[in-house]
Ligand code: FEO
């Protein structure tokens, strides 16, 4: 017998581990893998010899040798790809070439992803959610687990061995010769599993919850859980433990731990951090000091998994963040930690933008900011250090309220205003539709963004990401190079005809372009406030009589830019609000808006404190491509707060035009007092057999006596919808809610091309502080 370096490891009677150990890897797309990793592939010894997943491309020979230690690899009949990411499929093309398997199986999204990755001349057979494959004496069932970790993800279950191939779920990056969790040190397992969850799955809590619920719902008995990375679980207590840990991490319940992330230029910000740490500790918190220059971002995120507070400090460097802090914030932002309170701080010399930017970034991430940014000029003196210490003590007090479930105190009364920074670069001229509009814009922007910044809203579904192909324009002069996204979305003939995607074309010189006429349709309107109605404690409805022009046409879902007068904000600003009534009202000369009060917001401050019936107002519009599709598909609407506006408009429009298209409105609020138009919506539900209204409170107040749904609106959606593969989803609310909703919807089998977002929440600045 020939000697070989690598052997298969028996997992059960019918399954062998034939993966690879990567001892060297220390960076896994930004995650510091301090102990290497494994790429787990498995061989099922059915009459149909089946390989479940493969390994990263450079480890193909290792996998082949392990397979060859028990059977000739060329005898493999089937390959199952549970997950398309290249750490599990990199070796697939070569494996297919060598083995020539009879069939390759993947989920629907997996088949697409494999085709887009490898462009193989091989059919991928799609297995449906719940389908069972007969391997000849053995049965392998599949369950889609979309977005856990990619949209293609699925798990498979070998009935005879009660073995779950869980792909990325329940894995960890840990290289070892021990193949089973019970052979490894329990602390190492716990730490690496937590680090893996924090760095890979933290931003997908709803998906994880759904996945666990789905697996539990299938009633599968689990004797072995075999993930695609790290050790295999084969003891009941270990399986219960890892599933329980996921359920706990999913909640990300706050603790009394504060994480202080900082970097420093001349030790001033570090001194501030230390004084803040002293204050936090004196206030009773456990403190993790994380100097970003010395600690890796993946360890910082791991600490956040069970933290209560996040404080971030950066000196101002070249009007911005210190590079290590910028990098860390980018990483943290993508992983979306939850349930944190926080504050920003930093030293500065003459401009001091860093701590303000940090404050905005953290607030944008959903961190409850309990104090305005603490800034110190150059080097902190004793007074300044005392302020830092006091900040730490204040955060610790806020943490006590947070842990007690009480209202969290904050010193942030006045949100920071963003300074307007006029660009210094020479502007480029864009001629639109042969002189109909002429713009001067900053070079470097995409045409989509450049036009959007000047109220010319091109159609989009993906928000300018190059995924939907909707923002087509013709570029007659000044085109930048064609991008891969355009080669995917446009035909050769279209490219020949200079048709391009506006989101991919970059403004580098003067340009001439042609855009759809309707994108230029917005105009200025003057009106008079006819009535202001309080819809709840922080949302008002404005009814505006149009004066000039006297009527307006729009599609339900579109929005206007409402002008704040120069007497209120010198220089004038405008804010986006969706139409909140039927188009028939606008044709009759009236526009309605729902405006939610934002503490410190310039526009809402004016509306709530000064604006009265009879006042003159002005706005531009209509804008936006958020609108009812032409299909008959069932619709799921998800909104919160004044995000009810477009749905209210759509609902009135559908009722007036007898469009009986099945739709369910999921409306999220915190407490009963945050709900609005409840009686009207419930009446409509009674009158219209195609309309269902599902309000949900995330934290009902004592005394609310709320009989309805409780929980985040995305969780409520996940509870109500079993399969969205034939439905469309429409979203309007905060960017955070929209992101969470998209993750949930993908996990519920909604096609990404059928998830529509209210476009002023992502092509314009978010609605906070308006
Ligand atoms: Fe281990 Fe998402 O790949």
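Ranked by the mean number of other Cβ atoms within 10 Å of their residues, highest first, the peptides 552-558, 441-447 come out as 552-558, 441-447.
Each 10 Å bin from zero up to the one holding the largest Cα-Cα distance in the chain carries the following percent of pairs: 3, 12, 20, 23, 22, 14, 5, 1, 0, 0. Let me make sure I get this right: for region 274-406, a, b and c are the square roots of the gyration tensor eigenvalues over alpha carbons, sorted descending. Under 1.5 in a/c it's rounded, otherwise prolate if a/b > b/c, else oblate. Which is it? The shape class here is oblate. Seen against the Cα atoms of the chain and their longest principal axis, helix 735-747 is set at about 40 degrees. Counting every other Cβ atom within 10 Å of each residue's Cβ, 578, 633 order from fewest to most as 633, 578. Dividing the Cα radius of gyration of region 557-624 by its Kirkwood radius returns 0.96 for Rg/Rh.
When peptides 616-624, 9-17 are sorted by average Cβ neighbour count within 10 Å, with the highest value leading, the order is 616-624, 9-17. Against the chain, whose longest principal axis comes from its Cα atoms, helix 678-687 is set at around 70 degrees. Computed over all pairs of different Cα atoms, the Kirkwood value for the hydrodynamic radius of region 101-145 is 11.3 Å. Just check region 450-571 against the gyration tensor rule for me: Cα atoms, a ≥ b ≥ c as the square roots of the eigenvalues, rounded for a/c under 1.5, and otherwise prolate or oblate depending on whether a/b exceeds b/c. Since a/c reaches 1.5 and a/b is larger than b/c, the shape of region 450-571 is classed as prolate. When 72, 121 are sorted by how many other C-beta atoms sit within 10 angstrom of their C-beta, beginning with the fewest, the order is 121, 72. The angle separating the long axis of helix 205-217 from the principal Cα axis of greatest extent in the chain is about 50 degrees. Structural descriptor for the chain: relative contact order 8 percent, calculated from alpha carbon pairs under 8 angstrom and at least 6 residues apart. Would region 329-394 count as rounded, prolate or oblate if I go by the C-alpha gyration tensor, calling it rounded below 1.5 in a/c and otherwise prolate when a/b exceeds b/c, oblate otherwise? Because a/c hits 1.5 or more and a/b fails to exceed b/c, region 329-394 counts as oblate.
Quick note: the coordinates plus some simple rules give every number you see, no bench work behind them. Source: prediction; values computed, not measured. Because the Cβ atoms are built from the backbone with ideal geometry, glycine has one as well, and the counts that use them run over all protein chains shown.
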